[in-house]
Amino acid sequence: RTTMKSLRFISAEAFVSNAEFARKSLRAVAHDLFPLLFKASYLLEQGEVIHDLVENWPLFDFNMGKLLGATLDYEEDLSHRTCSVCLESCLTGLRDYVLNQSSPYMKKLKVVDLTGIKDVEVQFCKCKKTMGRWARTQLLSKLCSDLLVYLQQAQCNPGTFEVSINVLIDLFVTERNYELVVQALLKKCSCPLKICCVAFRSDNLTLQKFFYIIKLTDPSLLRKLEIVHNVHLEMEHLEMLFNSIHFPLLMSLTLPARTFNVRRFTATDEQMLTNIGEKMGEMTQLTELSVSFSILTGRIQKLLSPLKTPLKMLDVSNCSLNHADMAFLANSFHANNLEALDLSGHDIPELYPSTFFKLLSHCSSVLRSLTLEDCNIQDTHVNMLILGLSPCQKLQEFKFIGNPLSSQALKHLFTFLCELPMLKNVEFPVPRDCYPIGITYPIDDASVCRFDHQKYERVAEELNLILLQANRDDVKASTPLFGSYDAAVQETNNELGAYLIKSFKETLEKFTSSFNKMS
């Protein structure tokens, strides 16, 4: 689909397409045209022009989400283009804005907001090189450190030291960029570019380093906290975190796998869980919670009942929930507000079918995303599932990978899914009849790819044909065998892979050492 451009935008494109001419002419450009020229330069990937626009930015704020979002002049949203050329030009332009020797009275810029940039799987920029969240964290931290070194060594205009710009960013810290980010945060007071962390994601960090850096980020401003994968945070560490640091603005919390394990609970642990629930209750802005791959059997009420604000997003996938947990969720005040729900890894038809459908009916008027992967949904359950999903008219995303459904059942389900007006994304399983007879569910990683690929392709074509015949070519249907795309994991998979190999090697060495001692 071609997006309409206004005459103003077409003129802006023509202006910036000749980089040399545009750069020479910037001083003669009216200030209110800078946003228009910025979006046109970003669309055409004119890195040099982007740099100079930012270096000479004449306005009080610079908000990437708004600048690249839909505008009257050009409706296409470019905020999902994490083009390396454009973003690097943007950030180096920001550094040079500080160093630019023009009069400090000309420098109005106070706030730069980089949080509106969206990391997505498919990039449309010509260079095809992306700059993800981790790389943006790395580059901004490096530019802040380099800027301080330069200011200390060079003879700068005294006005340069009066420049103070808050740079709002979603930080992503791992072992590899930890030291650089720490240095930038430690020197924040003396740096003209002041990193303001709005969202923080940590992976592959020791607990000591995590606790140190989280305090440097100014937790009072934090709206989103993601502690994932290789941060070995357990319940006692979480209690310590909440007791020592307050998160008054926190809206979204993601905890790593195995944070909770009720199977080895003592009376002290029960009290600890109560304390954690109460601390979460003090976070009055909290509306998103992910505690996947923890064992929380029978304790969901203890964890969630102290919350004073209803949750809009809840991920309790693979948490070994029992009937009491599901009954609490279905009857809680969260149920009517849930826009995104993940109950993957629970045998819903066997354990609590009626309670699940009660929960689904309560959230049906607002539900946008539902994930039911590896839930043992079989052909005999499809009619009931259709009945439960029918009121979910706002559903945009439905993921149900890993369920033992036949080709015929999937076709029946897809015929219904065409009727959901807002639906955009469906992740469906490889049909059961594409696997060898006798395959058991959930399918292990070793067997997940051992299916009849030609038969699968034929079925996938038929499912897409159902969508096309219903004029629903706006729906993307796919089968990501190893989970949905995760931009953060994709960007750092080399580092995480190296970490896992190192951990495996260390475990093997400990085992060998113990075995030798026994011998």
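Selection within the stretch 100-123: residues that are farther than 20 Å from PHE172 by Cβ and modelled with pLDDT of 90 or more. The member of this set that is nearest to the chain's Cα centre (by Cα) is VAL111. Within the stretch 261-309, restricting attention to residues that are in contact with a Pro (Cβ under 8 Å, 6 or more places away or on another chain) and outside any loop (DSSP other than H, G, I, E, B), the residue that is nearest to LYS224 (Cα to Cα) is MET280. Among the residues of the stretch 310-356, none is identified as open to solvent by less than 30 Å² (accessible area, probe 1.4 Å), part of a helix (DSSP H, G or I) and modelled with pLDDT under 95.
Sub-6 Å Cβ pairs linking a first residue in the stretch 360-384 that is among the small types (Gly, Ala, Ser) and open to solvent by less than 40 Å² (accessible area, probe 1.4 Å) to a second residue that is modelled with pLDDT of 95 or more and outside any helix (DSSP H, G or I), at least 6 apart or interchain, are SER364/PRO391; SER364/CYS392; SER369/ALA340; SER369/GLU397, ordered by first then second residue. I'd like to check something: does the stretch 31-51 contain any residue that is within 25 Å of ASN166 (Cα to Cα), open to solvent by less than 30 Å² (accessible area, probe 1.4 Å) and basic (Lys, Arg)? Yes, the stretch 31-51 contains at least one residue that is within 25 Å of ASN166 (Cα to Cα), open to solvent by less than 30 Å² (accessible area, probe 1.4 Å) and basic (Lys, Arg).
Given the structure, is LEU168 closer than 25 Å to LEU43 by Cβ and out of contact with any helix residue (DSSP H, G or I) (no Cβ under 6 Å at 6 or more places or on another chain)?
Values: closer than 25 Å to LEU43 by Cβ: yes; out of contact with any helix residue (DSSP H, G or I) (no Cβ under 6 Å at 6 or more places or on another chain): yes.
Here the answer is yes, as LEU168 does meet what is asked.
Selection of the stretch 385-415 for residues being polar (S, T, N, Q), more than 26 Å from ASN336 (Cβ to Cβ) and open to solvent by 40 Å² or more (accessible area, probe 1.4 Å) yields GLN408, THR415. Within the stretch 431-451, residues that are open to solvent by 60 Å² or more (accessible area, probe 1.4 Å) have Cβ atoms under 6 Å from residues that are charged (D, E, K, R) and part of a loop (DSSP other than H, G, I, E, B) in these pairs: PRO442/ASP374, counting only partners at least 6 apart in sequence or on another chain.
Considering only residues in the stretch 210-222 that are open to solvent by less than 40 Å² (accessible area, probe 1.4 Å) and not in a helix (DSSP H, G or I), the one that is nearest to LEU286 (Cα to Cα) turns out to be LEU222. In summary, helices (runs of 4 or more DSSP H) completely within the stretch 1-90 and bearing 2 or more residues that are touching a strand residue (DSSP E or B) at 6+ places or on another chain (Cβ under 8 Å) occur at 7-17, 34-43, 64-68.
Have a look at LEU233, LEU241, LEU225, LEU250 and point out the one that is closer than 30 Å to ASN275 by Cα, open to solvent by less than 10 Å² (accessible area, probe 1.4 Å) and assigned to a strand (DSSP E or B). Spell out the reasoning first.
Working: LEU233 fails: assigned to a strand (DSSP E or B); LEU241 fails: assigned to a strand (DSSP E or B); LEU250 fails: assigned to a strand (DSSP E or B).
Exactly one of LEU233, LEU241, LEU225, LEU250 is closer than 30 Å to ASN275 by Cα, open to solvent by less than 10 Å² (accessible area, probe 1.4 Å) and assigned to a strand (DSSP E or B), namely LEU225.
Which ones in the stretch 141-174 are among the aromatic types (Phe, Trp, Tyr) and closer than 22 Å to LEU221 by Cα?
PHE172
Among the residues of the stretch 146-159, some residue qualifies, meaning at least one is assigned to a helix (DSSP H, G or I), in contact with a Leu (Cβ under 8 Å, 6 or more places away or on another chain) and buried (at least 21 other Cβ atoms within 10 Å of the Cβ).
Could you please find all residues in the stretch 1-24 being of a type in the set (D, E, K, R), over 33 Å from the mean Cα position of the chain (by Cα) and open to solvent by less than 100 Å² (accessible area, probe 1.4 Å)? So that I can check it myself, show each step before the final result.
Filtering the stretch 1-24 for residues of a type in the set (D, E, K, R) gives 1, 5, 8, 13, 20, 23-24.
When the remaining residues are screened for being over 33 Å from the mean Cα position of the chain (by Cα), the result is 8, 20, 23-24.
Answer for the stretch 1-24, where residues must be of a type in the set (D, E, K, R), over 33 Å from the mean Cα position of the chain (by Cα) and open to solvent by less than 100 Å² (accessible area, probe 1.4 Å): just ARG23.
Of the residues LEU207, LEU143, LEU186, which single one is modelled with pLDDT of 95 or more and crowded, with 18+ Cβ neighbours inside 10 Å? Answer to the selection: LEU143.
Checked against the criterion of being open to solvent by less than 60 Å² (accessible area, probe 1.4 Å) and in contact with a Cys (Cβ under 8 Å, 6 or more places away or on another chain), the candidates CYS127, CYS196 yield just one match: CYS127.
The numbered conditions (1) in contact with a Leu (Cβ under 6 Å, 6 or more places away or on another chain); (2) in a helix (DSSP H, G or I); (3) of a type outside the set (S, T, N, Q) are all true for VAL459 except (1). The residue that is most open to solvent (accessible area, probe 1.4 Å), counting only those in the stretch 52-92 that are small (Gly, Ala, Ser) and farther than 21 Å from TYR150 by Cβ, is ALA70. The C-beta contact set for the stretch 399-419 (first residue under 16 Å from PRO349 (Cβ atoms) and touching a residue at least 12 places away in the same chain (Cβ under 8 Å), second residue part of a helix (DSSP H, G or I) and open to solvent by 10 Å² or more (accessible area, probe 1.4 Å), distance under 7 angstrom, 6+ apart or interchain) comprises PRO404/ARG432; LEU405/ASP379; LEU405/ARG432; SER406/ASP379; SER406/ARG432; SER406/ASP433; ALA409/ASP379; LEU413/ILE386.
Checking the structure you have, find out if any residue of the stretch 482-499 is at pLDDT 95 or above and open to solvent by less than 90 Å² (accessible area, probe 1.4 Å). No.
State which residue is nearest to the chain's Cα centre (by Cα) when the search covers only the stretch 269-294 and only residues that are of a type in the set (Val, Ile, Thr) and surrounded by fewer than 18 Cβ atoms within 10 Å (Cβ to Cβ). Walk me through how you get there before you give the answer.
Going residue by residue through the stretch 269-294, those that are of a type in the set (Val, Ile, Thr) are 274, 276, 284, 287, 291.
Filter once more, so that each one left must be surrounded by fewer than 18 Cβ atoms within 10 Å (Cβ to Cβ): 274, 284.
Values: THR274: 28, THR284: 22 Å.
Looking at residues that are of a type in the set (Val, Ile, Thr) and surrounded by fewer than 18 Cβ atoms within 10 Å (Cβ to Cβ), I get THR284.
The residue that is most open to solvent (accessible area, probe 1.4 Å), counting only those in the stretch 93-123 that are more than 25 Å from GLN138 (Cβ to Cβ) and in a helix (DSSP H, G or I), is TYR105.
The values are calculated or read from the model by the stated rules, or taken from the named source; none is laboratory data. This one's a predicted model, so the numbers in the text were calculated from it and none came from an experiment. Reconstructed Cβ throughout: ideal geometry from the backbone, glycine too, with neighbour counts over all protein chains shown. Ligands, DNA and RNA are excluded from the accessible area calculation, which covers all protein heavy atoms including side chains. Shrake-Rupley method; radii C 1.70, N 1.55, O 1.52, S 1.80 Å.
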